[in-house]
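Read through the structure below, which is laid out as structure tokens, and then see the notes.
Throughout, read-outs are computed from the coordinates displayed, never taken from laboratory work. Given the structure is predicted, the values throughout are model-derived calculations rather than measurements. Glycine also receives a Cβ, built like all others from the backbone with ideal geometry; neighbour counts cover every protein chain displayed.
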Amino acid sequence: MLTSTLILENLISGILLGGIYIIMSLGLNLIFGVIKVVNFAHGEFLMLGMYITYWMFMLLGLDPYLSIPIAAALLGLLGMFVQKFIFNKLLADEASQIMAAIGLMIFFQNLATFLWGSDFKSVRSSYAGINISVFDVRISATRAISFIIAIIVTMLLYFFLNKTETGMKIRATAQDRELAEIMGINSKRIYITTFGIGAALCGIAAALMSPIYYVFPVVGFTFAPLCFVIVVLGGLGSFTGTIAGGFILGILEAFIGFLVNVEVATVVAFVILLIVLFWKPTGLFGER
């Protein structure tokens, strides 16, 4: 039976989880919104970021939250490399883009298995398992910290896209690539920058997730479908939609996971996605 305390606990837990889901999905939505590439290897970028965080912790004793700049920088460089030497060569062929993304997904999975094995690994910081109690409501310390960082990063990304010259070039290219090029914007360079930012967001999300989830070579299969649900639910290319989709999925998973189990919550999420697509094919905040 759900008491008022349990309802509040699950609501807060869902909101905290939603914050992590938002930062996890923003990179995918940004890349699609600007480049129009569906990055099926998005989960593998998350996986690589989690391994980077894990090894920074194991080899250097670096706290997972302090490894955020390292994970973001390394994943950002990898994303720029992938866009420049793979996807920029395939801009005119959507089928080839899809096959290249799937190829990257398989390659990264096998590379991780070869380098680090298939065992489950985890980052266990000194504050893991600590709960903060506020008016008899227990809040996970790691999820609370991850949520705060995720919200700060989301706000910084919004400011970057709307208030900086590079951000406005990215938005202009997303709206009309040909017109942006006429105005002197180098679209291929913008694509490289955008993919780098999207991949860097994966690195940030991975560092936030590492104290909470296990890391293994196919962990991307766990989170990539959730990212696609969030992005499509909120609306492809919609910043606001990704935020709304992340919170919806987080709260849904918290309550259904508590009442039944997480697997059922995932099934319900896909059912809701189908209903929304039948009702509004562009998603909650998407445009035609």
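Observations, loosely collected:
- One Cα centroid belongs to region 180-216, the other to region 80-115; the line between them spans 14 Å.
- Relative contact order %, the chain, counting alpha carbon pairs below 8 Å whose residues are six or more apart: 37
- Computed label-point distance, nm, for sites D119 and V218 using a 7 Å Cα→Cβ extension: 2.0
- With a simple spin-label model that places each label point 7 Å from the Cα along the Cα-to-Cβ direction, the separation between R171 and Y158 comes to 1.3 nm.
- Shape call, region 163-288: gyration tensor on alpha carbons, a/c limit 1.5: oblate
- Contour excess over end-to-end distance, with Cα ends at Y65 and S126 and 0.36 nm allotted per residue: 20.7 nm
- Of the DSSP H helices in the chain, those whose Cα atoms cover at least 20 Å axially and whose Kyte score averages 0.0 or more: 4-35, 42-60, 68-85, 94-116, 141-163, 187-209, 220-234, 239-259, 262-279
- In summary, the lysines within cross-link reach of K89, defined as a Cα separation below 22 angstrom excluding same-chain residues under 8 places away, comprise K36, K169, K188.
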